[in-house]
Amino acid sequence: MIIAVAGCGVGSKKNRQTLNLEPVTGKPRSYHCAIRFKTVDKVYLRTQLSSESAGHARETIDLTKDEWKYDPSTGIFTINRNVDTSVYIPVADGKYETPLCIVLREKIDPRTIRYAIDGRIGVEGKDYAYRADKNEISLLSCVTGDENYMLQFKTREGASSVCQGNPSEVTRELRAYFEWPLEGNTVQKGNDGKHFALEEGKFKNVWLVEFIPLKNGYKGKSLQKGFKWDGSRNELVLPESVDTSKFAVYAFGNQ
C-alpha cells in the first residue's frame, strides 16, 4: 500500500499551528494544504528528514509576504519561488479554522475513512463527518486543533493521512484499524538489541525508525535521530536496546 502522507507530523503550539504543504502534480509552484487555516502568519521552507539523513544541513528559509498566497476555498498555496522538493518542504504557520476542516484534492469513498481521536476510534457523525457537497471532512471533535488525532482515507494513489502527534506512538489495535504494518522489516544481529539488518533490499540512508508493538495494550515509539545506518554493511545501530519480545523494528529509508 502506498502511504502518501499529507500532514503527519503537523505541529502545534499555543497560539500557533504549522502544517506541511504537498506539491500539486502537474502544477508547478502550487502546494496543497490539507487543513483549512483561518489565518496564515508566515510560510517557510525546511529541510526534509530524508534529506537530513542523506547529509544535507538542516535549514529554515522564510518566505516574504509577496512570495506566497493562499486560497482557503481550495486549500492551495501558490509559492512564487522554485523549490527543490527533493530537499525542502514548504510549511504554513498560523491558526486553523475550528472544528478542523480537511480540504480534499479529489473525491473519495467515505467508507475508506479511518479516524482516531485521543487514542480511541472515532464515531461518524459524532467525531467526524464527510461533506460530499463540499468534498471536505469535518473533524467535529477537534475543537481547538491541538488534540491528538489521526485521519486516513484512500485516494487513487493509495492512502493519505493527516495527523496531529506522532503516528508511530499508537497501539497495535489502532495500527490494525489503520491497516498499517504490524511486523518489522528488519532482523536482529547479535543479542544486544541494538544491531539490525534489513530483511530485503538496500537503503542508502535511513531517516526514521519505528518500534511496532507485537501485542495489544501498549504503544509503539519512533526515532528520528540517534541511530546509525551503514548501507555497505546493511546494518542499523540503535542508540538504545529494544526488547524484541515486545517490539518489531521497522526502518524507513531511501533506496
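Things to note:
- The condition (being aliphatic (A, V, I, L, M) and either under 21 Å from THR244 (Cβ atoms) or not in a strand (DSSP E or B) (or both)) is satisfied by just one residue among LEU151, LEU174: LEU174.
- When the test is whether a residue is surrounded by 12 or more Cβ atoms within 10 Å (Cβ to Cβ), at pLDDT 90 or above, within 22 Å of the chain's Cα centre (by Cα) and outside the structural domain of ALA159 (by TED's automatic domain parsing), VAL206 passes it.
- Selection of region 28-49 for residues being among the hydroxyl-bearing types (Ser, Thr, Tyr) and over 24 Å from LEU100 (Cα atoms) yields only THR47.
- Applying the condition of being without any contact (Cβ under 8 Å) to a residue 12 or more places away in the chain and touching a Ser or Thr at 6+ places or on another chain (Cβ under 7 Å) to region 127-160 and asking which residue is surrounded by the fewest Cβ atoms within 10 Å (Cβ to Cβ) yields ARG131.
- Within region 171-203, being over 21 Å from GLY253 (Cα atoms) and either in contact (Cβ under 8 Å) with a residue 40 or more places away in the chain or assigned by TED's automatic domain parsing to the domain that holds CYS33 (or both) holds for THR171, ARG172, GLU173, LEU174, TYR177, PHE178, ASP192.
Conditions (1) among the hydrophobic types (A, V, I, L, M, F, W, C); (2) touching a Lys or Arg at 6+ places or on another chain (Cβ under 9 Å); (3) on the phi > 0 side of the Ramachandran plot, marked per residue:
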| site | (1), (2), (3) |
| --- | --- |
| SER50 | no, no, no |
| TRP68 | yes, yes, no |
| ASP71 | no, no, no |
| PHE77 | yes, yes, no |
| ASN82 | no, yes, no |
| VAL87 | yes, no, no |
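- Contact annotation: residue pairs with Cβ atoms under 7 Å, 6 or more positions apart or on different chains, pairing a residue in region 227-255 that is in contact (Cβ under 8 Å) with a residue 40 or more places away in the chain with a partner that is surrounded by 13 or more Cβ atoms within 10 Å (Cβ to Cβ) and basic (Lys, Arg), are GLU235/LYS189; VAL237/LYS194; LEU238/LYS194; SER241/LYS194.
- Test result for SER50, surrounded by fewer than 18 Cβ atoms within 10 Å (Cβ to Cβ) and either assigned to a strand (DSSP E or B) or in contact (Cβ under 8 Å) with a residue 12 or more places away in the chain (or both): no
- Where a residue in region 25-36 is in a strand (DSSP E or B) and its partner, wherever it lies, is among the hydroxyl-bearing types (Ser, Thr, Tyr), with Cβ under 8 Å and at least six apart: SER30/THR78; TYR31/THR78; ILE35/TYR96
- Filter result for ARG114 (under 21 Å from the mean Cα position of the chain (by Cα), at pLDDT 95 or above and under 21 Å from ILE212 (Cβ atoms)): yes
- Residue in region 231-241 that is surrounded by 11 or more Cβ atoms within 10 Å (Cβ to Cβ), at pLDDT below 90 and under 24 Å from GLY55 (Cβ atoms) present: no
- Qualifying residue in region 91-104 (condition: farther than 13 Å from ILE35 by Cβ, assigned by TED's automatic domain parsing to the domain that holds ARG36 and either surrounded by fewer than 18 Cβ atoms within 10 Å (Cβ to Cβ) or at pLDDT 95 or above (or both)): no
- Checking region 213-222 against the condition returns a match, with at least one residue being within 29 Å of SER86 (Cα to Cα), at pLDDT below 95 and not hydroxyl-bearing (Ser, Thr, Tyr).
- Screening region 222-255 for residues that are outside any loop (DSSP other than H, G, I, E, B) and of a type in the set (S, T, N, Q) and picking the one that is farthest from VAL170 (Cα to Cα) gives ASN254.
- Considering residues of region 65-90 that are modelled with pLDDT of 95 or more and touching a Pro at 6+ places or on another chain (Cβ under 9 Å) only, the residue nearest to ALA34 (Cα to Cα): PHE77
- Scanning region 195-221 for residues that are in a strand (DSSP E or B) and acidic (Asp, Glu) yields a total of 1.
The values are calculated or read from the model by the stated rules, or taken from the named source; none is laboratory data. Because the structure is predicted, anything quoted here is derived from the model rather than measured. Quick reminder, even Gly has a Cβ in these numbers, built from the backbone with ideal geometry, and neighbours come from all protein chains shown.
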